[in-house]
Structure formats: C-alpha cells, structure tokens
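The values are calculated or read from the model by the stated rules, or taken from the named source; none is laboratory data. Bear in mind the structure is a predicted one, so any value in this text is a computation, not a measurement. Methodologically, a virtual Cβ is constructed for each residue, glycine included, from the backbone with ideal geometry; neighbour enumeration extends over all protein chains shown. Heavy atoms of the whole protein, side chains included, go into the accessibility calculation; ligands, DNA and RNA do not. Shrake-Rupley method; radii C 1.70, N 1.55, O 1.52, S 1.80 Å.
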Amino acid sequence: MNPFSYSRVNDADQALAELSGKPEGKFLGGGTNLVDLMKMGVETPTQLIDINRVPLAQIEELPGGKGVRIGAVARNSDVAEHDLIKTRYPVLSEALLAGASPQLRNMATVGGNLLQRTRCYYFYDPAFPQCNKRNPGSGCGALDGFNRIHAILGQSEQCIATHPSDMCVAMAALEAVVRVRGPKGEREIKFEDFHRLPGNTPERDANLAADELIVAVDLPGTPFAERSHYLKVRDRASYAFALISVAAALDLDSSKKIKAVRLALGGVAHKPWRAYKAEKELVGKNADEKTFRAAAEAELAAAKGYKHNSFKIELAKRAIVRALTNVTAIA
C-alpha cells in the first residue's frame, strides 16, 4: 500500500490551491480509472484531491445557440440521457452508453473520461518491465508481444498503445473544445490538440499541465450533428473496450450528396483519431457504399498492423462503411 493524503474541496480555486506545489497530487472525480491504477501500483499519487463538490456538473446551452457546455464533474450517465445531448449530439449519447456498465457510468465523470489511460496489458501490469508509458526508456513490450488490441495508426516504435475512451471519439468528431483552469487563469484547448500521439514521449497522454484542472467541455453548435451515429465493434456486447469504433456525422443535400462530414475512429491510435483523409474523400460525393469504401481505403492506407492485430485494418474499413451507411439512413 502506498500512503497518500486525501482532501475535499468546494470550488475550482480551492482545488488548484490544494494541488499547488504537489507534482504527485491527483484530482479525484469518479475514480473509475485512477483507483484501479492505484490498486495495480501503476499510479502512486501522494495526495488525492476530491473535486466532487466543485460545482462543475452543469449541462447547459451556450448563449446564442453556440452549442452546449458540459461540466467536468458531470456524470457519464447524466450526459448520455440529457435531452440536449440526445437530440443535438446523438453520437455522443450513443458513445457514452456504449462504454463500461451502468454502475460505472453513474460514477465516471466527463473530465476523468478525457484523462483515461490505456488498457494496454503491458502498461497495466508493473510485473512487465518493458513499458515506455509507465517506465520511460524501458522499451515497448507490446511491439513483439501480444498486441491484438493495439494501434494501427499514428504509433511509434516507443509505444503502440491505444486510447480507450468511447466518449472521446465522439467528441473528436464533434470538434469539442476542452476548457481548463490553472494558476495563470483559464484557457481553451481544441479537442484535436488535447490528446497526444506517442512519438518519443509516450508517457505524456495529453497536453494538460500538471497544475491544471479541466472545468468543462464545449460542444459547438453544429446543426448536422443531429444526423450522427456511433458504431462500436468489440469482442462482446457489453463491458468491453472497442477493437474499432467510428463516430460519424453527415450533412447531405436533397440528392444525397455529402455537403460536410465529421469522422473519428477509436481503437486505432494513441489518441482519438480524426479521419481527415476520409473526410476529404467524402465531401461532394454521393453517399453510397462505393464512396464510403474509397474513403475508408484512403484513411487506412498508412495503417500498420502487427502480429496479432493486422485484422483491425480491414475491420476499420468495414466499420467506416457501416457507420456512414447507418448515418445516411437517418431521416
């Protein structure tokens, strides 16, 4: 057992003050990931700062129809079932409901979901010495090990782990903005820039400073987000992380030509993967299977599989086609 201190705070300023000067401190929301990592000995914070009393659980419309703001302490289940989310951003509601179990969704927070850490076997078990994410410079055990769930896009020789969140894939497609607060005040981070690819620093999951607190996520007022869908392909129907997932939103004209599209993939990379190449291929084309397959081929052209996960390349292509087909069928 690693000793740690525990404190509760009532507002964001108090939370930041508690964390100040404590580089090994961690904020505690639902604890559905952090507590597991502490039990395994992967995370060893010296202080836990409970932020559940901080008033950041709002789900509210932004002025002027500019979108919706979701507080960092909002529970996944509350977000998934909120009328604003179900009607304007169904892809996000579907993604949240596809994740974990009802009990975990009742505890898990939006801010914590953003900071979920990979479920790579080699990272999660300190008995494996080779993990650059857990122990920088030690190597990547998954490269030549059992790598069935690992990355096929954006990986490096330092790390082939994947990001586990369903919610984040939907938010990548929706072009969300993460609002954070630190000692220097509040700033916004585009969702595309929030998470990191591994490169030579796989131990860094996100571009969030150690002394910053996530306070909210803003969803832009994208009208065609109402025509959206989340597809998750997994080994079993519940309580399993995605082998491949697709978040898709389409804007179609009266002749079923694609005016605009947002597409993101999960289970393929170290971060939620925005499928820009596929989007470029889709705009201006007919919304049909031939077009969708061509877009999927373009996006996965640079994919690289390993001994146990090469099947994910074709699976990702088929998932893109199915997700886009499903969105096209939405009235």
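Which whole-number value in Å² is the accessible area per residue of the chain, probe 1.4 Å?
Computed with neighbouring chains in place, this is 45 Å² per residue.
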**Message:** Rounded to the nearest 20 debye, what is the charge dipole size of the chain about its Cα centre when +1 sits on each Lys and Arg Cβ and -1 on each Asp and Glu Cβ?
**Reply:** 800
**Complete:** Any DSSP H helix in the chain with Cα axial reach of 15 Å or more and mean Kyte-Doolittle score of at least -1.0? Listed by number, the hits are 289-300, 311-328
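Tell me, Kirkwood radius of segment 227-329 from alpha-carbon pair distances, in Å?
Averaging 1/r across every pair of different Cα atoms and inverting gives 13.7 Å.
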**Complete:** Whole-percent carbon and sulfur contribution to the accessible surface of the chain (1.4 Å, no ligands, DNA or RNA) stands at 51
**Item:** Entries of Lys280/Lys304; Lys22/Lys66; Lys26/Lys307; Lys86/Lys271; Lys39/Lys86 with Cα pairs more than 29 Å apart
**Value:** Lys22/Lys66; Lys26/Lys307; Lys39/Lys86
**Complete:** Quick calc: nm separation of the 7 Å Cα→Cβ label points for Ala210 and Ser20 -> 1.7
**Message:** Whole angstrom only: what separates the Cα centroid of segment 166-203 from the Cα centroid of segment 34-60?
**Reply:** 18
**Prompt:** Can you tell which of Pro202, Gly21, Ala301 lies farthest toward the positive end of the dipole of the chain, using +1 and -1 charges on the Cβ of basic and acidic side chains (Lys, Arg; Asp, Glu)?
**Reply:** Ala301
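Give me the number: length gained by fully extending Lys86 to Arg234, i.e. 0.36 nm times residue separation minus the C-alpha to C-alpha distance, one decimal in nm. Numbers along the way, then the final one.
On the way: separation 148, 0.36 × 148 = 53.28 nm, distance 2.30 nm.
Stretched fully, the Lys86-Arg234 segment lengthens by 51.0 nm.
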**Complete:** Charge dipole of segment 179-331 built from unit charges on the beta carbon (Lys, Arg +1; Asp, Glu -1), centred at mean Cα; most positive-end Cα among Leu263, Ile313, Pro220 is Ile313
**Fill in**
For 148-161, 169-182, ranked highest to lowest by mean beta-carbon neighbours within 10 Å, the order is 169-182, 148-161
**Net charge dipole size for segment 24-164 [Lys, Arg +1 and Asp, Glu -1 on Cβ; Debye, nearest 20]** = 40
**Prompt:** If R0 is 41 Å, what FRET efficiency do you get for Ser255 and Asp193 from their C-beta distance, rounded to 0.05?
**Reply:** 0.70
**Asked** Given a cut-off of under 8 Å on Cα pairs at least six residues apart, what relative contact order in percent is computed for segment 5-52?
**Response** 58
**Message:** Testing the spin-label approximation: label points 7 Å from Cα along Cα→Cβ at Ala329 and Gln58. State their distance in nm.
**Reply:** 4.0
**Asked** Over 18 Å between Cα atoms, which of Lys133/Lys184; Lys256/Lys285; Lys257/Lys290 qualify?
**Response** Lys133/Lys184
